[in-house]
Each structure stands twice: as C-alpha cells, then as structure tokens.
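Read the structure below first, then the notes.
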Amino acid sequence: NYYSKFKRPLIKNVHQLFNRGVGSAVVHQVYTGGANKWEVIQRTLNGSQFYTFSVCNVGEREQDNWLRTTFIQRRPSASRVFVELQFIVRDCNSFDGASLTCKETFNLFTSESDADVGTTFRKGQFKKVATIAPDEITSKNELRINTETKVVENLSRKGFYLAFQDIGACIALLSVRVYYKTCPATVKSLASFPETVAGGENQALREVSGVCVENAISEELPRIYCTVDGEWVVPVGQCQCKPGYEEVEDECQECKAGSFKAEASGDKCTPCPANTQELDSGAVVCPCMDGFYRAPNDPPTGPCSGLPSAPRDLVATTSAGKLLLTWSPPEDTGGRTDITYSIECQRCEGMVCQSCGEKIRYEPAGVGLTDTKVSVSELDAHLNYTFTVEAHSGVTVLTSQAVPPANRPPSTNPPKITAMRVMERSSTSLSLFWDVKPRVHPRPIRYELTYRKKDDNLDVTTYTVLILEKNSVQIKDLVPGTAYLFRVQALSSDGSPGGSSMEEQFETSEHLTQNNTAVIFGVAAGGAAMLFIVIVVLFLRRRNSHTRQGPEDTYFSSSEQLKPLKTYVDPHTYEDPNTAVLKFATEIHPSHITKQKVIGAGEFGEVYRGILKVPGRKEVAVAIKTLKPGYTEKQRQDFLSEASIMGQFSHQNIIRLEGVVTKFKHAMIVTEYMENGALDRYLRDHDGEFASFQLVGMLRGIAAGMKYLSDMSYVHRDLAARNILVNNTLECKVSDFGLSRVLEDDPEGTYTTSGGKIPIRWTAPEAIAYRKFTSASDVWSFGIVMWEVMAFGERPYWDMSNHEVMKAINEAFRLPAPMDCPSAVYQLMLQCWLQDRSKRPRFGDIVSLLDKLLRSPDSLKTIADFDPRISIRLPSTSGSDGSPFRSVSEWLESIKMSQYSENFACAGVVTMDQVLQMKNEDIKNIGVRLPGHLKRIAYSILGLKDQTSTLSVFAV
Ligand code: AMP
C-alpha cells in the first residue's frame with residue numbers, strides 16, 4: 001500500500017539504488033548508547049494504512065536520536081546520488097510548553113564504506129549532508145507530507161549508509177528513495193553512444209566516445225557530453241554514411257539502384273548522371289556507358305561524354321603565299337566544350353607520302369587550336385599535301401583515339417563511293433584509291449571491286465572481282481597500254497551491295513616503267529574523329545614568289561587514312577652521320593631555345609625543360625637533351641643519331657622531334673615536352689589512382705606507337721615503362737631511340753654472354769640468347785610494359801636477380817597477374833610471352849584487341865585470378881636471404897610499407913602468423929587506406945601464404 005501510494009513513476013534515466021518505506025523494516029533504528037527514541041508507528045492517511053519511522057521527543061533537551069539505512073551498494077560510475085525523502089514534521093506550537101526545546105528540522109548524514117559493517121555504528125564516521133526542514137508543517141488536525149531531494153556528491157567507495165539525526169523534533173519519515181541519473185544509450189548523428197552515468201558537480205559534463213553505426217565512418221572519433229541531469233548535449237565528430245550509402249532514420253542504407261554516392265558525406269544518393277550506366281544498389285560511382293568517357297579532369301561524379309564527330313566543311317584557300325584551312329566545328333561535340341583541333345600534314349609524291357616534318361609553319365599553331373582555321377606556310381612547290389584536321393576533346397586521349405564512337409546510332413545511309421582515282425600507274429599495275437561517304441561507320445566497310453579490259457570482246461568478257469577491306473588496292477599483272485574499266489561498290493555488313501557504285505576507266509602505261517614503290521593503305525591509327533583533305537598546291541615559282549595557283553583539286557577522302565609504307569633508315573648507313581641528321585631533323589638556332597630547369601640525366605648529358613620560340617611560331621614547351629663538354633666526335637654522332645631516328649617518325653604516340661642544334665659547339669636535341677615524365681615513375685607516384693580502363697587506354701597508346709614503329713620496320717629493343725613518357729593529358733609516347741642506348745644508356749642494360757648489354761627482364765629469350773631482336777621481341781617487351789602499367793610501376797620480377805629471371809623464363813615460368821588486373825589483359829600479356837615468337841600477337845593485333853576492350857568496359861570487369869601456382873615467385877615471400885621473415889616490421893620493410901608498422905602493432909598484429917591470417921578487410925581496418933598500399937600488402941600476404949607452391953610450373 002505504502003509503495004503504491006508514494007512511489008512515483010520512475011523517470012527513464014533514473015536508477016534506484018534504494019527505495020524503502022519504513023514498513024519494509026530495512027531502515028534500522030540505531031541505538032546510540034542512550035535511549036534511542038525512533039520507533040515504527042502505523043498510521044492511516046487518506047484511509048490507507050502505512051508505517052512511518054517516527055520520533056517525537058519535543059519536551060526533552062539535547063536529543064540525539066539516530067536512524068540509519070542498511071548498506072547501499074553503489075554502481076562504480078555513480079558518484080552522485082539523489083536522496084528523496086518524504087516526511088512529516090509537527091508544528092512545535094502544537095505542543096504546549098515545549099517551545100523551548102522543540103525543533104522542526106532534522107539532519108541527513110552519510111558515511112561511505114567498502115563493506116557492509118552490519119549493525120556497527122559510529123557517529124563520528126558520518127558526514128552531514130543537509131539539514132532537512134519541512135516546507136509545510138503539520139498541525140494537530142492536518143497531516144502535511146513534505147518531499148525533499150538532496151544530492152550526495154563525490155562518492156567513491158563501494159557503498160554508503162544514510163542516517164537521519166533527530167535533535168528534538170516530532171518527525172515521521174515516510175519513505176527514502178536513493179537514485180542516480182544516466183544519459184540513456186542513444187544514436188546521434190549516426191554514432192551510437194552507450195548508457196552513461198551522469199557526472200557529479202566535479203564533472204558536470206561527462207565526455208563520452210561513440211562508434212559510427214554500420215556503414216558510417218568519421219574522420220574524428222565521435223563524441224558527446226552527458227550532463228548532470230542525464231541529458232546528451234553537443235555531439236562532436238560527425239559520422240557520415242560511407243560512399244554508396246545514405247542516411248535513413250539513424251541508419252546508413254545502400255543507394256537505390258540507379259543512384260550513387262561517391263563520398264562519405266551527409267548528402268543523399270543522387271541519380272546517375274547523363275551517359276552513365278545504372279548499377280545495382282550501393283553504387284559509389286556510375287561508370288560511363290559504352291562509348292562515353294570522362295576526361296582526367298572531369299569529376300568522377302559528373303556526366304560522361306562522347307567523342308566529337310569530325311570537323312566539317314574543310315576548305316583550303318590560298319592568299320598572300322599562304323594556305324588557309326578553315327572548317328566548321330563538329331556536328332556532335334560529344335557534349336563537351338573543350339574542343340580543340342590539330343593539323344597533320346603529309347607530303348605526297350606520287351604514291352609515296354611522308355610526314356611534312358618540321359618545315360611547315362602553322363599559324364597560330366598546328367595543335368591545340370581552338371579556332372576553326374589555321375594558316376599554313378613554307379610549302380614547297382609542285383607537291384601534293386594532305387592535311388588532316390582532327391577534332392579532340394578532353395576525352396579523346398582516354399579513348400586512345402580512333403575508337404569510333406560506339407553507342408552512336410549507326411548511320412542509316414549505306415556508304416557511298418564518291419570518287420575513284422589512280423594513285424600510281426605502271427605498265428602492268430594500277431594503284432587505285434576511292435572515297436567513301438559518310439566517313440564514319442559503325443562497322444568497317446568492305447568493297448567489291450570489279451574490273452575488266454575495256455575493249456574485251458563483249459561475248460567473252462572476263463571480270464575479276466575482288467572483295468576488299470580498304471578503300472585502296474594495287475592491281476598487278478595487267479597488260480601494258482591497255483584501258484580497264486573499274487567498278488567499286490560498298491558492301492553492307494551482311495555482304496549485300498549497298499549505296500551507289502562508281503565506274504571509271506584507267507589505262508596502264510605503254511612502256512615498261514620501273515615500279516618500285518610499294519604502297520599500302522593502312523587503317524587509320526590516328527586520334528579522334530578526323531577529316532582530311534588533299535590539295536595540290538602549284539607554285540609557279542619557288543617560295544617567296546607570290547604568283548601561284550589555288551588548289552587545283554580538292555576532295556575529301558574516307559575515314560581511312562593513306563598510310564605509306566615508309567621504312568626506317570638506319571642513320572649508320574649514311575657515310576657521314578651529319579648528313580643523316582640534317583636530312584631527318586630541322587636545325588634550330590640556339591638563340592631560339594631557353595633552358596629552364598634540369599629534369600633528368602641522359603647518357604650524354606643533362607636533360608632540361610625549356611621553351612622553343614622560333615620567330616613567327618608560337619612558343620612551345622620542350623625537352624632539351626644536351627651533350628656534355630669533352631665529348632668525342634663518335635659520342636657526338638651517337639648522341640645525334642637519336643635525332644636522326646626520331647626525326648623519321650611522325651605519330652601521336654612517338655615522342656616528336658622539334659629539331660636539333662648541330663652547327664654550334666653545344667649540340668642539343670629538342671623534343672616535345674612531356675609534363676608527367678617517365679611512365680614507370682609516374683605510375684609509382686600515382687599508385688592505385690587509375691581505373692583499369694585508364695591503364696588500358698595508356699597501353700593502347702603505347703601499342704599504337706609500337707605498331708607504327710614495327711610498320712616502319714624499326715625494332716626498338718629497349719621498350720620499357722621507363723622509356724615511355726607521359727604528357728599532361730596522360731598520352732603515352734614511346735621514346736629513347738639512341739642507337740647506342742641498348743648498349744650503354746639504359747641502367748637496366750646488363751652484359752650478356754654474347755657480349756651485348758641487354759635489359760634482361762624486358763627482353764625476349766631469343767634476343768638474350770642469340771641477339772634475335774625483332775618486332776616480336778619488342779612484343780615480348782610490350783607484355784612486360786603491360787605488366788608494369790597494370791602493377792602501377794612495380795619492378796618486373798621484383799628482387800630476383802637477372803640470372804634467376806632468365807632461368808625461370810626458360811623453365812616456362814611467367815609473371816603472375818598484377819592485383820586487380822582484368823583477365824583479358826593478363827591473357828594478352830601471356831600471349832606476348834609465348835616462347836615461340838611467331839605465335840606472339842603482332843602490334844596490329846594488340847591495338848585491335850585493346851580497342852575492343854576499351855569499347856566494351858564490361859570486358860575489363862573479370863579480374864584475372866590470382867593463382868600463385870603460375871607465378872615465378874611472389875614479392876617478398878621471404879627475407880633477403882631466403883629465410884622467412886623474423887618480424888612484421890622486417891616484412892613491412894621488405895615491401896617498403898614500414899610506415900604502417902605502428903598500425904600493425906597497435907592492432908596487436910605482432911607475429912607473421914597473425915599477418916598470414918589477415919584478410920583485405922582487416923588490413924583496411926588497421927588503417928591502410930590507400931588502394932595501392934592495400935594492394936601491395938594484401939598481395940604480399942598472398943605470396944607469403946603460397947611460399948611452398950611458388951616453384952610449380954605454369955605451362956605456357
Ligand atoms: P633519356 O635520356 O631520354 O632517358 O631522358 C632522361 C630523363 O629525362 C627521362 O627519364 C625523363 O625523366 C626526362 N625526359 C627526357 N625526355 C623528356 C621529355 N620529352 N619530356 C619530359 N621529360 C623528359
């Protein structure tokens with residue numbers, strides 16, 4: 001009864017330590033030596049019966065009556081407790097003649113103790129907490145119940161007693177309730193905090209640390225404060241939902257399908273932007289749709305854009321001795337505004353075309369044009385020039401050029417043959433070339449060419465029909481001095497004829513002429529959508545004469561580019577190497593060159609970054625290779641031989657020679673400047689920062705450059721990531737063409753038993769064994785470059801010695817797939833490393849395959865299995881002496897990850913056995929966040945695990 005009457009509903013955050021009515025008889029009467037006057041009295045209040053502890057000795061002096069509770073256990077963190085008393089005090093005036101001695105207050109005391117002392121009572125051990133005075137006094141007739149709460153602070157021992165001292169009042173104690181307050185367990189700002197006991201006056205705000213809810217993270221430890229009143233205030237260090245998750249009612253939920261969130265933030269998931277693929281729930285990024293790309297500087301969360309279509313309406317006019325090319329912007333900019341144009345020039349004599357080289361001057365420039373016009377000067381008389389205008393945008397480099405814009409609606413018009421002409425004529429052969437419109441097709445076009453002798457007896461006409469994949473052909477074994485009729489028609493994809501056909505008559509020449517010019521027309525490997533124009537410019541007088549005729553014959557060709565079979569000429573075949581330099585390179589006056597800063601050390605001297613400012617031309621950033629003083633004539637020739645070689649090349653993915661200084665004491669080679677330097681170093685510095693398709697895009701560029709070199713019959717011999725340079729749009733270009741470089745320049749070069757110096761880990765076995773250097777051995781090296789790129793600049797074969805590498809290769813071991821390497825890419829590497837060089841793919845095959853992979857990003861999704869059985873040896877499978885690692889720090893040091901020693905130690909990972917148990921998630925959890933580092937550590941652990949099986953052979 002008493003309980004039901006007086007017990008208040010418990011407040012949520014109030015924890016009772018003690019709650020007793022007197023009737024429960026646990027408040028003890030304490031005998032203090034004299035007569036103790038507290039007694040248990042039954043009373044009736046509002047019709048209910050209840051018990052009180054009462055004392056009422058108002059007429060006697062010097063009262064000192066004590067009543068003490070049982071031992072109250074304390075929760076360790078509850079240093080502050082509340083004592084709530086309900087009591088009645090009688091009015092002294094209601095006692096006749098007792099007013100001198102009668103009191104109307106009593107005292108509350110407490111005593112701390114680590115143990116229950118039973119009935120032992122020592123007054124001296126009690127400290128006074130408060131004097132308890134009633135708010136309302138009870139008179140004779142009317143009972144008034146008071147409720148008073150007092151705080152007992154700074155409790156520190158296991159428990160305590162409360163005691164009530166009467167000093168001569170008339171009191172009835174109805175109930176005593178003892179409690180403390182807590183801040184309840186809560187989730188605030190995505191962090192959960194445990195129930196916390198409110199602090200006392202010495203710690204009014206208690207700081208509490210929390211943990212982020214599932215799938216939320218925070219940079220700072222989330223914290224909050226618990227007030228003395230049991231309220232949470234001031235949360236600090238917010239948790240935010242991880243990428244791919246958003247906050248929904250104190251939880252982090254996966255982004256719905258078709259939406260994404262790239263970063264840990266308080267933001268909601270947003271719908272995938274334009275031209276991206278919608279993934280399943282939990283997407284952190286929406287990858288580009290097939291045929292759409294993001295430029296390196298585009299935000300990874302932004303829309304994707306397509307390639308620009310070709311520039312339109314290219315027109316050439318001449319004025320004041322110059323040729324002016326103008327065109328209109330592409331119809332389709334792919335959704336981008338950063339369209340620029342570049343001009344490529346080819347000089348054709350008969351069927352033979354060559355790059356126009358450095359002679360030609362473009363105003364304002366030949367590349368990076370934002371205007372749709374350029375003026376060209378310094379053209380020679382009586383020559384055919386072919387100008388190609390390419391539209392580029394920020395995404396051009398990613399598509400590695402020439403990948404026709406996928407996902408564009410296929411052209412519905414069948415291709416149309418628009419012009420046919422003879423490019424080369426002899427007495428027995430005719431080389432034909434025809435144009436086709438539109439230039440861009442979803443699929444390669446094939447052509448049907450039919451020809452016959454014109455005046456054949458029509459009854460017995462013999463037709464020859466050829467199906468061709470290119471818009472050109474050379475027909476041999478014809479009869480001299482004879483007219484032939486040629487008809488060409490484009491075939492649609494199912495092989496049926498489509499579009500219009502064209503018929504022309506051409507004659508072979510009468511006399512036997514020497515026909516020694518081999519011409520092939522290759523598929524364009526150049527960049528972006530392109531358009532080109534062939535112009536015959538006739539200068540009546542040479543140079544400075546201003547009397548000239550305009551373009552006689554202007555026409556557009558198909559998207560396929562005329563590709564001459566140009567063979568590389570070894571400068572050593574020239575008796576005087578200086579002649580070779582002058583033939584292939586433009587002489588620059590040293591006053592036009594400004595050196596700015598040393599950027600590297602070449603074999604012959606320093607390499608500088610600088611500026612080339614030729615009068616009348618825009619200044620360009622260049623790299624300047626110098627020849628150190630004290631050179632011999634032989635060294636000078638070797639130095640300049642690189643320019644003689646480089647000057648013969650003209651390709652987007654081959655480092656471009658600007659010119660040379662040979663006529664002054666300090667010889668120099670000036671090339672285009674590649675902002676990001678050597679590829680191996682660049683990748684190491686950006687470990688883990690590129691997606692597979694970006695890496696494959698780089699490889700595609702390198703392969704295109706190598707295809708160009710192999711088409712010219714040039715064998716590089718030292719293809720390695722360190723010899724690839726990267727510019728600021730991440731274009732990769734093959735460099736390092738010195739004739740002596742393989743012998744002397746490359747720090748990787750090692751003398752072999754055959755005497756030559758060879759970069760062993762990049763070189764094909766047949767080239768090491770008997771110096772058989774071919775494009776097929778370059779393909780092997782390309783496979784190693786692929787591995788270097790996919791492994792972000794990791795050293796091939798790690799710390800194995802050259803001898804170990806050669807032995808392993810001969811035993812059919814091959815490098816294992818780099819971490820996260822797409823399976824298709826690794827398969828291509830293995831093909832490049834086939835022992836039988838005739839079975840290795842050719843660079844043309846490699847370019848097509850990489851193009852195919854880039855066109856369908858899904859093809860890069862399957863990751864090569866990490867199969868330790870195929871590996872030669874994994875990195876850091878043991879200490880340098882071959883014995884297992886003795887400590888975690890020794891192991892971390894060996895993989896250059898010492899910076900994480902403390903993370904491992906703090907997480908309690910102190911033995912290599914523990915390391916071997918770690919999963920990727922564990923590595924992340926101990927604080928290794930950078931993907932590249934995570935990879936390196938995980939990869940090494942995999943290697944450690946498989947130490948025993950690394951010697952099994954992988955059949956190639
Ligand atoms: P090399 O003698 O060609 O190996 O050049 C030595 C170093 O100079 C290279 O590793 C590059 O770091 C730097 N270098 C050479 N050519 C260029 C260039 N065209 N642009 C930027 N850096 C270059």
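Computed from the coordinates by the stated procedures, all read-outs in this text should not be read as laboratory data. Predicted model, so just to flag it, every value in this text is computed and none were measured. Using ideal geometry, Cβ is built from the backbone for each residue, glycine included, and neighbour counts are taken over all protein chains shown.
Laid out as a table, the results:
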read-out	value
For q = 0.11, 0.16, 0.25, 0.26 Å⁻¹, Debye-computed log10 I/I(0) when each Cα of segment 76-169 counts as one equal scatterer	-0.41, -0.75, -1.27, -1.33
Anchor Lys128: lysines whose Cα lies under 17 Å away (excluding residues fewer than 8 positions away in-chain)	Lys150
Inter-label distance, nm, simple model (7 Å from Cα along the C-beta direction), Ser856/Ser319	5.1 nm
Point-charge dipole on Cβ atoms (K/R +1, D/E -1) for segment 263-385, about Cα centre, debye to 20	360 debye
Pairwise label distance in nanometres, Val234 with Asn154, each label 7 Å out on the Cα-Cβ vector	2.4 nm
Within segment 650-673: backbone nitrogen closer than 14 Å to the Asn578 label point (7 Å, Cα to C-beta)	661-667
Label-to-label distance, nm, for residues given as Leu143 and Ala769 (7 Å Cα→Cβ offset)	11.3 nm
Eligible aspartates and glutamates near Lys261 by straight Cα distance, threshold 19 Å, same-chain separation 8 or greater	Glu214, Glu219, Glu246, Glu247, Glu249, Asp250, Glu251, Glu278, Asp280, Asp298, Glu689
Entries of Lys416/Lys707; Lys242/Lys597; Lys103/Lys158; Lys140/Lys181; Lys597/Lys861; Lys595/Lys634 with Cα pairs more than 32 Å apart	Lys242/Lys597; Lys103/Lys158; Lys140/Lys181; Lys597/Lys861
Percent breakdown of C-alpha pair distances by 10 Å bin, ordered from the shortest bin, for segment 756-802	27, 52, 20, 0
Members of Lys322/Lys359; Lys625/Lys733; Lys359/Lys583; Lys896/Lys924 lying beyond 20 Å, as alpha-carbon distances in this model show	none
D_trans [Stokes-Einstein, Kirkwood Rh over alpha-carbon pairs] for segment 247-303, 20 °C, 1.002 mPa s, µm² s⁻¹	182 µm²/s
Percent RCO, i.e. relative contact order, over segment 596-734, from Cα pairs under 8 Å lying at least 6 residues apart	21 percent
Ordering of 713-722, 252-261 by packing [mean C-beta count within 10 Å, highest first]	713-722, 252-261
Additional length obtainable on full extension of the chain from Lys807 to Glu195, 0.36 nm per residue less Cα span	213.8 nm
Packing-based ranking, highest mean first, of 582-593, 699-710 given that Cβ atoms within 10 Å are counted	699-710, 582-593
Protection proxy ranking of 818-829, 319-330 - average other beta-carbon atoms within 10 Å, highest first	818-829, 319-330
